[in-house]
Amino acid sequence: METRKEELLRAIEAMILDPAAFPDGKLPPERILAERLKVSRNLLREAMITLEARGSIEIRERQGAYIKAPASDDFVASLKFVSLYPGDMLINLMEMRLIIEPPIAGLAALRRTDEQLERMKECVARLVEVHSGPSRGASTGAQWDSMLHMLIVQAARNPLLARLYEGMSATMDKYIVESRVKLLALEGWPQKIIEEHGMLVAAIEGHDENAAREAQKRHLGSALEMLRGMQTCKET
């Protein structure tokens, strides 16, 4: 069983990962945050010290506590030293997502909150909306697609996985648009993507770990297989 401090740490870390919780990157004053979380100020101070040690927040003298931004630029900068053709980057990125995201979806099914689930459902609803437009949401839907997958990572409630995914997000956002442009131009794929996202969120809603893992695996795997086929045709 988790201690009160561990529960509090989880709660604050979840808030840190939610862009809407502290939009300006600054945590509220200690008294206000303690009241919001319904904990004593002494317990909150202990938790803040732990979070600072973990590198999640930065406590500035006379200014307060601020979210410490992950070094996502390190991942982006390191890509400059990877020797890949532009077309291969998308394939390799999709392979990497296929390795890490299905287990994350399984954790999300076990750990998600009702609020996170509602936000996932909103993303799917927005995707349905943009897919009915003339462009089928090839570019405009990318933000909702990306947000849905990020919400699933956050729902897994593993700070290390979240930081890893955030580090990749700047690069992934660019290639999510590219993959959507290619796949949504194919017959039947707009509806297929919507259905796959719906099945994924439904599994997470049902707390079905195996179904969530399989739904994510099927979703990313079918996209990867199609993109590989398109790349092969282009090269021949």
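Here, each number is a calculation from the coordinates, and none is a lab measurement. As the structure is a prediction and not an experimental result, all values here were calculated from the model.
Taking each of LYS5/LYS121; LYS182/LYS217; LYS121/LYS217; LYS121/LYS192; LYS26/LYS217 in turn, the alpha-carbon distance tops 26 angstrom for LYS5/LYS121; LYS26/LYS217. In plain terms, the C-alpha convex hull of region 189-236 casts an average shadow of 3.2 nm² when viewed from every direction. Classify region 8-69 as rounded, prolate or oblate, taking a ≥ b ≥ c as the square roots of the eigenvalues of its Cα gyration tensor: rounded when a/c is under 1.5, otherwise prolate if a/b is larger than b/c and oblate if not. The shape class here is rounded. When the square roots of the Cα gyration tensor eigenvalues are ordered a ≥ b ≥ c, the ratio a/c for region 1-42 is 1.5 or more and a/b does not exceed b/c, which makes its shape oblate.
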